[in-house]
1. Within the range 331-356, take every residue that is open to solvent by less than 30 Å² (accessible area, probe 1.4 Å) and out of contact with any Asp or Glu (no Cβ under 9 Å at 6 or more places or on another chain) and give me the one that is modelled with the highest pLDDT.
2. Can you tell me which residues in the range 1-12 are closer than 25 Å to Leu198 by Cα and surrounded by 15 or more Cβ atoms within 10 Å (Cβ to Cβ)?
3. For the range 341-394, name all the residues that are of a type in the set (D, E, K, R) and either under 30 Å from Lys233 (Cβ atoms) or touching a helix residue (DSSP H, G or I) at 6+ places or on another chain (Cβ under 7 Å) (or both).
4. Right, Pro221: open to solvent by 40 Å² or more (accessible area, probe 1.4 Å), closer than 17 Å to Arg156 by Cβ and without any contact (Cβ under 8 Å) to a residue 60 or more places away in the chain or not?
5. Could you identify the single residue in Phe43, Phe2, Phe68 that is under 28 Å from Met305 (Cα atoms) and either touching a residue at least 40 places away in the same chain (Cβ under 8 Å) or not basic (Lys, Arg) (or both)?
6. Mind counting the residues in the range 372-385 that are open to solvent by 50 Å² or more (accessible area, probe 1.4 Å) and in contact (Cβ under 8 Å) with a residue 40 or more places away in the chain?
Amino acid sequence: SFQRPVLVLLDRSIDLSVMLHHPWTYQAMIQDMLKSQLNRVWFTPDASDKDENPSEVVYDLEEDLDEFWAEHRNSQFPNMAEAVHQRISELKQRKEELARTIGDNVEGDELRRQLADNTQNLRQMATSLPQLQEQKKYIDMHLAIATRLLHQINARDMNLYVTLEDGITSGITQDKGEILKILKENKGTPEDNLRLYLIYYLNKDSVSAAEAEEIESALPPDTPYLASTSFIKKTKAFSSSITHKKPVSSSKQHGFMSKLGQLGQLTGTGARMKDIVSFVQGGVSNLMNTPSKDLRVTKIVSSIMDTTPSPETESYLYFDPKIQVGPSGEIPRKTTPFKEAIVFMVGGGNYVEYQNLQQHAKNSPTSRNILYGATELLSSIDFLKQAEEVGMSF
């Protein structure tokens, strides 16, 4: 039976930190680390022995035609890399089966006999050959993209940022010394370091002016989008949406940090397939198979869909044209849980938030469908650009 969905309108200021995170899922990493727009991605591959001056390549990501993209775009990168390796092995095996149907150097009566015996198999393979070629085209594309992302992971020491940002947002660690250590060692790009600092600033309950100045002085003066810090500080100062997060035990921190640190052992040399195989066989594929944590927006949407009382959502305005206003002037809230929600973020959204909502709906004990929209989908750099424009006006 039809049940009306709930429309949840939220403002971006409710969680600025998520716009700065270094993501770890395939589609979000493409948006964050490569040039992409309207399901098209383009980049210049790294030089190799075969091609010292590679040209820019352009790929279209088509969910309706590309089964691998539809299945793995929300997957964490190690799982996606393992799936690429597995799919290539499967295609190679099917190619070898096709070659074995008619052996090498077969002629005359023996060739005619094998053709007669294998007519049915040949028909089936001839029918599936175009499909195999199409699958290979898409797998080659994902291999190229995965290899480019893998090189970015190594070149920018992404394991450090993902690890530390997870610790900061989870309340595991809020140690200024760890931030300063990465900044002074010039890990990653200047934008990576700025994002790390702003995540720290937004998630720590109180950052003194002296502490902020100390960290900002560790950033190069020519750091791009540095004026965005003014916007972040003003927004946090006037926002009551930043809440304290409970710390997690240090034993969990050590296990996660030591496993994720293996990413730093990867190398960026060799052929693309060798990179992916070494990535998968290096034990990295099991790094982040634990259930992802619900982001703040996901927790809010879950509370609204469950219609459970929550200190954070009970002050939200509630409108329902089918329910009459009560004597107090308020609309009584619906008590039956919602099965479908339409979440719209005013002020920009990203794939990290979208995929977290989808993961929550998938893991929900009851059937749920969550649609996500925003005024525009922004990469972290796009967000910093806009924050800088606003910050410079203060």
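1. Step one: of the range 331-356, the residues open to solvent by less than 30 Å² (accessible area, probe 1.4 Å) are 338, 341, 343, 345, 348-350, 353, 355-356.
Among the residues that remain, those that are also out of contact with any Asp or Glu (no Cβ under 9 Å at 6 or more places or on another chain) are: 341, 355.
Working: Ala341: 97, Gln355: 93.
Going through the qualifying residues, I end up with Ala341.
2. Leu10, Arg12, listed by residue number.
3. As a first pass, look at the range 341-394 and keep what is of a type in the set (D, E, K, R): 353, 362, 368, 376, 382, 385, 388-389.
Correct list: Glu353, Arg368, Glu376, Asp382, Lys385, Glu388, Glu389.
4. On the way: open to solvent by 40 Å² or more (accessible area, probe 1.4 Å): yes; closer than 17 Å to Arg156 by Cβ: no; without any contact (Cβ under 8 Å) to a residue 60 or more places away in the chain: yes.
Here the answer is no, as Pro221 does not meet what is asked.
5. On the way: Phe43 fails: under 28 Å from Met305 (Cα atoms); Phe68 fails: under 28 Å from Met305 (Cα atoms).
Only one candidate qualifies: Phe2.
6. Looking only at the range 372-385, we keep the residues that are open to solvent by 50 Å² or more (accessible area, probe 1.4 Å), and these are 375-377, 382, 385.
In the following step, the residues that additionally are in contact (Cβ under 8 Å) with a residue 40 or more places away in the chain were identified as 377, 385.
Number satisfying all stated conditions: 2.
Conditions (1) closer than 28 Å to Trp24 by Cα; (2) exposed (fewer than 12 other Cβ atoms within 10 Å of the Cβ); (3) modelled with pLDDT of 85 or more, marked per residue:
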{"position": "Gln281", "(1), (2), (3)": "yes, yes, no"}
{"position": "Asp294", "(1), (2), (3)": "yes, no, yes"}
{"position": "Lys299", "(1), (2), (3)": "yes, no, yes"}
{"position": "Asp306", "(1), (2), (3)": "no, no, yes"}
{"position": "Lys322", "(1), (2), (3)": "no, yes, no"}
{"position": "Pro327", "(1), (2), (3)": "no, yes, no"}
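To keep it simple, each residue is scored yes or no on (1) on the phi > 0 side of the Ramachandran plot; (2) surrounded by 12 or more Cβ atoms within 10 Å (Cβ to Cβ); (3) among the basic types (Lys, Arg).
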position	(1), (2), (3)
Gln27	no, yes, no
Lys35	no, yes, yes
Thr44	no, yes, no
Ala47	no, no, no
Val57	no, yes, no
Asp64	no, no, no
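The values are calculated or read from the model by the stated rules, or taken from the named source; none is laboratory data. Owing to the predicted nature of the structure, the values given are computational and were not obtained by experimental measurement. Glycine also receives a Cβ, built like all others from the backbone with ideal geometry; neighbour counts cover every protein chain displayed. These area figures cover heavy atoms from the full protein model, side chains too; ligands, DNA and RNA do not enter into them. Shrake-Rupley method; radii C 1.70, N 1.55, O 1.52, S 1.80 Å.
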